[in-house]
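Below: one structure, written as structure tokens.
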Amino acid sequence: TITLRAWVKNPGEEELEKPKKARRKRSFEEKTATKEISKVLSQGLVNDIQSFTEKLCTLILQGAATDVKIKQDRKTCTLTCDDDFIAEKIAKNPKIAESIEQIILRAFKNKISGKSIRIFFEAKDVRKSKKQELKALARKLSNKASKSKKTISLNYRHAYDRKIIHTTLDSDDRVYTKSVGSGQSRKLLIIPVKNHDRRLSQ
């Protein structure tokens, strides 16, 4: 049994009270600064993160050692574990990988703070393969919904899976997507645009 606990700190009241326009302006300024200065992690910090992740995976494997490869580009630091057991668990529950990412972020919070880079955990490319499968499925179901003019309902428990489908079909002008419900009963709808237009005209 694998038990991982991770949480994201809620924004402070001061941050919530700031007008949306101000937050958008700050975001734009941060993006502009990122283009001018490549904010990447130092080699020493990369090595520390790699070592920490290997120890974390060893704990998950109850003492069995495993290697973790690390690759860094301008915006992403990808940690890849080559272990069948962890890969199998993540394939069944993507939240395990997300939890590992949060643990790493919390462990190196002070050193990563202010860096425009994302930590991404992978195991034997299972998340990459899953993403490709979901994107292919999304396009297939978009064609089906467009031709049949009927809404398609999908029951995906994990937000990561739903996000991939949402993003894939975001530029498809034949359909639009919508998440409904909550918890285990949350569903993703692929809705033909014609139905949407008809409802708006009523």
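Overview of results
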{"item": "LYS140 being open to solvent by 60 Å² or more (accessible area, probe 1.4 Å) and over 18 Å from THR53 (Cα atoms)", "result": "yes"}
{"item": "Boolean, GLU54 is closer than 28 Å to THR168 by Cβ and either surrounded by 15 or more Cβ atoms within 10 Å (Cβ to Cβ) or modelled with pLDDT of 90 or more (or both)", "result": "no"}
{"item": "Output for segment 73-90, where each listed residue is under 16 Å from LEU61 (Cα atoms) and hydrophobic (A, V, I, L, M, F, W, C)", "result": "CYS81, PHE85, ILE86, ALA87, ILE90"}
{"item": "Residues of segment 167-192 satisfying the condition of being open to solvent by less than 40 Å² (accessible area, probe 1.4 Å) and either in contact with a strand residue (DSSP E or B) (Cβ under 7 Å, 6 or more places away or on another chain) or at pLDDT below 90 (or both)", "result": "LEU169, VAL175, THR177, SER179, LEU188, LEU189, ILE190, ILE191, PRO192"}
{"item": "Only one of SER148, SER99, SER153 that is in contact with a strand residue (DSSP E or B) (Cβ under 6 Å, 6 or more places away or on another chain) and of a type in the set (S, T, N, Q)", "result": "SER153"}
{"item": "Positions within segment 149-162 being open to solvent by 20 Å² or more (accessible area, probe 1.4 Å) and either over 8 Å from PRO192 (Cβ atoms) or among the β-branched types (Val, Ile, Thr) (or both), in sequence order", "result": "THR151, ILE152, SER153, LEU154, ASN155, TYR156, ARG157, HIS158, ALA159, TYR160, ARG162"}
{"item": "All positions within segment 97-124 that are open to solvent by 50 Å² or more (accessible area, probe 1.4 Å), farther than 27 Å from THR177 by Cα and not in a helix (DSSP H, G or I)", "result": "SER113, GLY114, LYS115, LYS124"}
{"item": "Single match in LYS131, LYS69 (criterion: in a helix (DSSP H, G or I) and either of a type in the set (Lys, Arg) or surrounded by 13 or more Cβ atoms within 10 Å (Cβ to Cβ) (or both))", "result": "LYS131"}
{"item": "Qualifying positions in segment 83-96 - in contact with a helix residue (DSSP H, G or I) (Cβ under 7 Å, 6 or more places away or on another chain) and open to solvent by 60 Å² or more (accessible area, probe 1.4 Å)", "result": "LYS89"}
{"item": "Any hit, segment 28-42, residues being at pLDDT 90 or above, assigned to a helix (DSSP H, G or I) and more than 22 Å from the chain's Cα centre (by Cα)", "result": "no"}
{"item": "Close pairs from segment 134-157: first on the phi > 0 side of the Ramachandran plot, partner part of a helix (DSSP H, G or I) and surrounded by 14 or more Cβ atoms within 10 Å (Cβ to Cβ), Cβ under 8 Å, at least 6 apart", "result": "LYS149/ASN195"}
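The values are calculated or read from the model by the stated rules, or taken from the named source; none is laboratory data. For clarity, every value in this text was computed on a predicted model and none was experimentally measured. Counting neighbours? That spans all protein chains shown, and the Cβs are built from the backbone with ideal geometry, glycine included. Heads up: the accessible areas ignore ligands, DNA and RNA and are worked out on the full protein's heavy atoms, side chains in. Shrake-Rupley method; radii C 1.70, N 1.55, O 1.52, S 1.80 Å.
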